[in-house]
């Protein structure tokens with residue numbers, strides 16, 4: 001798979017389209033970082049932030065970061081000034097992408113990065129083991145991979161895979177140490193799936209506005225209540241976050 005580094009020299013029309021794509025990516029990033037209960041995926045992103053924020057707070061300063069699938073980059077602000085360099089890599093040049101390439105063929109020097117982020121990407125990758133090998137390769141010794149992916153979740157877009165904790169550990173077996181956290185408990189997972197099944201196919205803007213004020217936040221709140229009642233049950237969580245050290 002080839003790749004292209006893009007520079008600032010674009011036509012005025014291209015530059016306008018790029019600005020709109022960046023603005024759209026920034027809006028999505030803001031929601032994923034600080035979700036409200038009126039979206040079907042808000043429980044996933046709120047639980048994910050609580051996990052990733054703790055991990056990212058531990059990072060040193062002056063690090064080189066690669067965001068694989070980095071069109072949106074919702075967690076870049078949590079790293080902030082700790083990053084000396086920050087590159088977004090994706091197969092499509094849109095949003096905040098700097099390098100166009102696949103996760104299975106990362107055009108970056110071996111052992112040159114301190115942190116690789118990979119959020120909601122692995123389920124789309126044709127060859128997850130190859131992607132994990134590449135992300136391991138580009139990390140320096142002691143570098144970290146922070147990855148999130150879906151487990152129990154209704155089929156969506158052109159996804160190929162779902163991952164459970166033992167499967168993620170198998171994929172990350174080349175790393176020296178691996179930590180995995182569930183993104184919420186079973187209550188959040190079941191209610192998120194119910195929200196997706198009930199509301200994802202609504203096309204009427206009027207109905208979307210109504211459900212965003214009524215059924216969607218109600219079901220999400222119910223998921224949080226069930227989580228508190230069954231704090232150890234993670235069998236139906238929608239996804240997992242992984243931190244692996246090289």
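The values are calculated or read from the model by the stated rules, or taken from the named source; none is laboratory data. Being a predicted model, the structure only gives us computed values, none of them experimental. So basically every Cβ, Gly included, is an ideal-geometry build from the backbone, and we count neighbours across all protein chains shown.
Points to keep in mind about this one:
- Test: residue in region 103-121 that is within 15 Å of the chain's Cα centre (by Cα), more than 26 Å from residue 197 (Cβ to Cβ) and in a loop (DSSP other than H, G, I, E, B): yes
- For region 84-94, the candidate set comprises residues that are surrounded by fewer than 18 Cβ atoms within 10 Å (Cβ to Cβ) and closer than 21 Å to residue 139 by Cα; within that set, the residue that is nearest to the chain's Cα centre (by Cα) is 91.
- Residue 43 vs. criteria in contact with a helix residue (DSSP H, G or I) (Cβ under 7 Å, 6 or more places away or on another chain), closer than 29 Å to residue 201 by Cα and either at pLDDT 95 or above or part of a helix (DSSP H, G or I) (or both): yes
- Failed item in (1) closer than 25 Å to residue 165 by Cα; (2) in contact with a helix residue (DSSP H, G or I) (Cβ under 7 Å, 6 or more places away or on another chain); (3) in contact (Cβ under 8 Å) with a residue 60 or more places away in the chain; (4) surrounded by 20 or more Cβ atoms within 10 Å (Cβ to Cβ), with residue 103 passing the rest: (3)
- Residue selected from region 218-234 under the condition under 30 Å from residue 174 (Cα atoms) and surrounded by 14 or more Cβ atoms within 10 Å (Cβ to Cβ), by the criterion nearest to the chain's Cα centre (by Cα): 234
- Taking the criterion of being within 30 Å of residue 187 (Cα to Cα), at pLDDT 95 or above and touching a helix residue (DSSP H, G or I) at 6+ places or on another chain (Cβ under 6 Å), the only residue of region 54-73 that qualifies is 56.
- With respect to (1) touching a helix residue (DSSP H, G or I) at 6+ places or on another chain (Cβ under 6 Å); (2) under 27 Å from residue 117 (Cα atoms); (3) surrounded by fewer than 17 Cβ atoms within 10 Å (Cβ to Cβ); (4) modelled with pLDDT of 95 or more, the lone exception for residue 245 is condition (1).
- Residues in region 138-191 that are assigned to a helix (DSSP H, G or I) and free of Cβ contacts under 8 Å to residues at least 24 places away in the same chain: 166, 167, 169, 170.
- Residue match in region 123-135 (condition: loosely packed, with under 14 Cβ neighbours inside 10 Å and without any contact (Cβ under 8 Å) to a residue 40 or more places away in the chain): yes
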